[in-house]
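Notes follow once the structure below has been shown.
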Amino acid sequence: MKNYKVYPLFDITIEKGEGNYVYDTDGEKYLDFYGGHAVISIGHSHPTYVKALTEQVSKIGFYSNSVVIPQQEELSEKLGKLSGYEDYNLFLCNSGAEANENALKLASFQNGRRKVIAFKNGFHGRTSLAVAATDNPKIQAAVNFTDNIQLFELGDLEGVKDALAAKDVACVIIEGIQGIGGINDPGAEFLEGLEEACRATDTVFILDEVQSGYGRTGKFFAHQYANIQPDIITIAKGMGNGFPIGGVVITPKFEASFGQLGTTFGGNHLACAAGNAVLDVIKDEDLMTNATEIGDYILSELEGVSAIKSARGKGLLLGLVFDEPVKELRGELLKKYKIFTGAATDPKVLRLLPPMTVTKADADVLINAIKELV
């Protein structure tokens, strides 16, 4: 049996990671300015993280959600305090797609409606309803298509208001900052307008913070730059620093019932050990402040580069917009300078999603490489 080839691959085999760097089988060292799609939040093989997982797996790695798992309660408490959502509830799952799938279902359970409003260039996952709400027909099979999804341009508040007026929309789902779409920030004014429109029509307001959350923008959630409080927030990626874990943060206005949601692996002992370690490191090492400082430093140092038309994002969720497609630039950064960076659906956007432990010295390596190449 061979792997089902759905991923275009670099001819590199990574066998070790340490801090903000990874190493291939030839011992070559690479600066990680992509973090595996923003998954590596606290750096590779962080000692606190390794210790937590090692100690947990030596005791028990998994048992089902039919028993008390104290690590879940620990994770909920830490997440509530660090994020500012202490009175909300947490449903644990395995991925961002699963988090969004459950969030959309919860919204429909709550008000009995079928329609979903999402936004162009948005990405919410590859499971059935999550991919239907994603603006990418190439990854949607025929079975995913539904008339219940309405896509609007980011910023089209009047269009959304008109659609909500019929009161047949279950929820509005939007990323705190669009990731794969090209690091597009909806802005505080638009988010605040959406929340007001949702409240006026009893529509559930969902913030997808799968990529933009967990401190990466300098606040715990990207939407916290606006004066809003969503009904549901979805999380994953940086939540486990590489261990599969996701979650749905749910307003206390929603009432849970047995069997309403479920998952086999979600919230298992090992996943929670990873999640608790990540939160401890983010807090203890003040990584949100570091994200802000290093992000600002990168932008200031690249400000005069004529090939860069504009820069998008906040903290360490950045998109550099170039005059030309960045495919060749990414290739040169990897081949010549040994730096991993990211692409977007917009071919002219270079995505930067390094671990939040990245230093100014690391940033200088990237900055100097870009200046030399463009």
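Pairing each residue of the stretch 4-16 that is at pLDDT 95 or above with any residue that is surrounded by 10 or more Cβ atoms within 10 Å (Cβ to Cβ), provided the two are 6+ apart or on different chains, yields C-beta distances under 6 Å for Ile12/Asp24; Thr13/Asp24; Thr13/Thr25; Ile14/Val22; Ile14/Asp24; Glu15/Thr25; Lys16/Tyr23. Do we have any residue at all in the stretch 79-92 that's more than 19 Å from Ile250 (Cα to Cα), open to solvent by less than 60 Å² (accessible area, probe 1.4 Å), not in a strand (DSSP E or B) and not aromatic (Phe, Trp, Tyr)? Within the stretch 79-92 (the criterion being more than 19 Å from Ile250 (Cα to Cα), open to solvent by less than 60 Å² (accessible area, probe 1.4 Å), not in a strand (DSSP E or B) and not aromatic (Phe, Trp, Tyr)), the answer is no, since none of the residues qualifies. For the stretch 165-180, filtering for residues that are assigned to a loop (DSSP other than H, G, I, E, B) and open to solvent by 10 Å² or more (accessible area, probe 1.4 Å) leaves 5.
Screening the stretch 1-53 for strands (runs of 3 or more DSSP E) wholly inside it with 3 or more residues that are aromatic (Phe, Trp, Tyr) and at positive phi returns no ranges.
Output the residue which, of all residues in the stretch 141-164 that are open to solvent by 60 Å² or more (accessible area, probe 1.4 Å) and more than 18 Å from Gly122 (Cα to Cα), is farthest from the chain's Cα centre (by Cα). Residue satisfying both the conditions and the ranking: Asp162.
Selection of the stretch 197-217 for residues being in contact with a Leu (Cβ under 9 Å, 6 or more places away or on another chain) and either open to solvent by 20 Å² or more (accessible area, probe 1.4 Å) or not in a loop (DSSP other than H, G, I, E, B) (or both) yields Ala197, Cys198, Ala200, Val204, Phe205, Ile206, Leu207, Gln211.
Residues checked against (1) part of a strand (DSSP E or B); (2) among the acidic types (Asp, Glu); (3) under 25 Å from Asn102 (Cα atoms):
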| residue | (1), (2), (3) |
| --- | --- |
| Gly266 | no, no, yes |
| Gly275 | no, no, yes |
| Val281 | no, no, no |
| Val305 | no, no, no |
| Ala311 | yes, no, no |
| Leu320 | yes, no, no |
| Leu333 | no, no, no |
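Residues in the stretch 253-278 that are of a type in the set (A, V, I, L, M) and over 19 Å from Val57 (Cα atoms) were compared, and the one that is surrounded by the most Cβ atoms within 10 Å (Cβ to Cβ) is Leu261. Out of everything in the stretch 54-67 that is outside any helix (DSSP H, G or I) and in contact (Cβ under 8 Å) with a residue 12 or more places away in the chain, what residue ends up being most open to solvent (accessible area, probe 1.4 Å)? Ranking the candidates gives Lys59 first.
Summed over the stretch 294-309, residues that are within 20 Å of Arg216 (Cβ to Cβ) and free of Cβ contacts under 8 Å to residues at least 60 places away in the same chain total 3. Contact map, the stretch 355-374: first residue closer than 17 Å to Ala38 by Cβ, second residue among the β-branched types (Val, Ile, Thr) and buried (at least 20 other Cβ atoms within 10 Å of the Cβ), Cβ cut-off under 7 Å, separation 6 or more or different chains; pairs are Pro355/Ile40; Pro355/Ile42; Met356/Ile42; Thr357/Ile42; Val358/Ile294; Ala363/Ile294; Ala363/Ile298; Leu366/Ile339. Scanning the stretch 283-326 for residues that are open to solvent by less than 60 Å² (accessible area, probe 1.4 Å), on the phi > 0 side of the Ramachandran plot and either of a type in the set (S, T, N, Q) or out of contact with any strand residue (DSSP E or B) (no Cβ under 9 Å at 6 or more places or on another chain) (or both) gives a single hit, Gly315.
Here Ile14 passes the criteria (1) of a type in the set (Val, Ile, Thr); (2) open to solvent by 80 Å² or more (accessible area, probe 1.4 Å); (3) under 26 Å from Gly275 (Cβ atoms) except the one numbered (2).
The values are calculated or read from the model by the stated rules, or taken from the named source; none is laboratory data. Source: prediction; values computed, not measured. Note that each Cβ is placed from the backbone with ideal geometry, even for glycine, and that neighbours are counted across all protein chains shown. For accessibility, only protein heavy atoms count, side chains too; no ligands or nucleic acids. Shrake-Rupley method; radii C 1.70, N 1.55, O 1.52, S 1.80 Å.
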